[in-house]
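Structure first, then comments.
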Amino acid sequence: MSLHADLTSVLSTLDQVLERLDEAAHSVDGERREDLLVDLYEVERHLRSATRRLTRTVNGLPGTT
């Protein structure tokens, strides 16, 4: 498998993880667990940043337009 395909697969997995985190945050919201909700949003923020960085990396691979 090519590097591009591997990294694209990682991006897909990150998208799925982000969806699950969003679902988890919605299930916690309103349960007076502000500490847990803040942590979930912080993890989500970092993963979104990593996703953007990885997307730039994939787009910068040789042969990618």
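Would you call D6 assigned to a helix (DSSP H, G or I) and over 20 Å from T64 (Cα atoms)?
no
If P62 passes every condition in (1) open to solvent by less than 70 Å² (accessible area, probe 1.4 Å); (2) free of Cβ contacts under 8 Å to residues at least 24 places away in the same chain; (3) outside any helix (DSSP H, G or I) but one, which one does it miss?
So P62 meets the others, but not (1).
Working only within segment 1-50, note down all residues that are of a type in the set (K, R) and more than 9 Å from the chain's Cα centre (by Cα). Walk me through how you get there before you give the answer.
In the first step, residues of segment 1-50 are kept if they are of a type in the set (K, R); the result is 20, 32-33, 45, 48.
Passing the criteria: R20, R32, R33.
The values are calculated or read from the model by the stated rules, or taken from the named source; none is laboratory data. Source: prediction; values computed, not measured. With ideal geometry, Cβ positions are generated from the backbone for all residues, glycine too; neighbour counts draw on all protein chains shown. Just the protein is used for accessible areas: all its heavy atoms, side chains included, with ligands, DNA and RNA removed. Shrake-Rupley method; radii C 1.70, N 1.55, O 1.52, S 1.80 Å.
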